[in-house]
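The values are calculated or read from the model by the stated rules, or taken from the named source; none is laboratory data. Keep in mind the model is a prediction, meaning the values are calculated, not measured. Don't worry about glycine lacking a Cβ; one is built from the backbone with ideal geometry, like all the others, and counts go over all protein chains shown.
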């Protein structure tokens, strides 16, 4: 007699369970839209983002360390996550219980939910990213060569700063674009922009100075090395040497990770502590 735990028998049970659930939801005359194995793979892929959240919550709730197979790159598979949570991986063992089937039938019969059913599956939100930068720094120079402040035609107002969060080009370090913010505090264009674009955090590239500007509104900030390097692997803040500069992908990814991990404030504090400059920069006017 064949053991009920053999893979073929398990697959038959999973197929039967999946077919039953589809018929409950779509009607008894509707068949699976594709082979059962492919359809179940689609179900698990749609449920995986929620299961990842469950794994993180379970880990911090119980302090149970995750197995090595789950912590490696690409290890967050359906099987590994279910194993960590103590859940079965197959459709039959996971869903074919009287309580679940009853819940599915009640959900199907709910008139209010019928109007809210989304016909197209919604993907999870993508991870935010900084804007794409050109490989050659000279392209940025050409882009801002004709930049002029919208409020002034003076030469000292032609000091553009590129917002790396949204891509807007702003006037920086001049008094021509001062705006009132924070109970009539006068702030510069970059500080004002970062308040609304980055919730008080700004990441800018000052193109003509070739340096990154971090801002934490209203009055903190620092300058950092840009993600552009010459052939010797060195930055050129201020464009003093004039060597051709190329985008360093690793450096830009590091900058993006710093922004995503909310490390801008910490980086600004570290820069202020390490600075020996006795003259305080009026960051709010940038």
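Things to note:
- Scan of the range 243-286 for residues that are part of a helix (DSSP H, G or I), surrounded by 13 or more Cβ atoms within 10 Å (Cβ to Cβ) and over 15 Å from the mean Cα position of the chain (by Cα), ordered by number: 251, 264, 265, 267, 268, 269, 271, 272, 283, 284, 285
- If you filter the range 175-203 down to residues that are surrounded by fewer than 22 Cβ atoms within 10 Å (Cβ to Cβ) and assigned to a strand (DSSP E or B), you find that the one that is nearest to the chain's Cα centre (by Cα) is 201.
- Residues of the range 142-158 satisfying the condition of being at pLDDT 70 or above, in a helix (DSSP H, G or I) and surrounded by 15 or more Cβ atoms within 10 Å (Cβ to Cβ): 144
- Enumeration of residues in the range 243-286 that are over 30 Å from residue 139 (Cβ atoms), in contact with a strand residue (DSSP E or B) (Cβ under 6 Å, 6 or more places away or on another chain) and modelled with pLDDT under 90: 284
- Qualifying residue in the range 46-55 (condition: at pLDDT below 85 and surrounded by 11 or more Cβ atoms within 10 Å (Cβ to Cβ)): no
- Condition met for residue 22 (closer than 25 Å to residue 107 by Cα and either surrounded by 12 or more Cβ atoms within 10 Å (Cβ to Cβ) or modelled with pLDDT under 90 (or both)): yes
- If you go through the range 204-233 and keep only what is touching a helix residue (DSSP H, G or I) at 6+ places or on another chain (Cβ under 6 Å), buried (at least 22 other Cβ atoms within 10 Å of the Cβ) and not in a strand (DSSP E or B), you end up with 207, 217, 227.
- Yes/no for residue 191 being touching a helix residue (DSSP H, G or I) at 6+ places or on another chain (Cβ under 8 Å) and either outside the structural domain of residue 280 (by TED's automatic domain parsing) or free of Cβ contacts under 8 Å to residues at least 24 places away in the same chain (or both): no
- Filter result for residue 172 (under 25 Å from residue 134 (Cα atoms) and modelled with pLDDT under 85): yes
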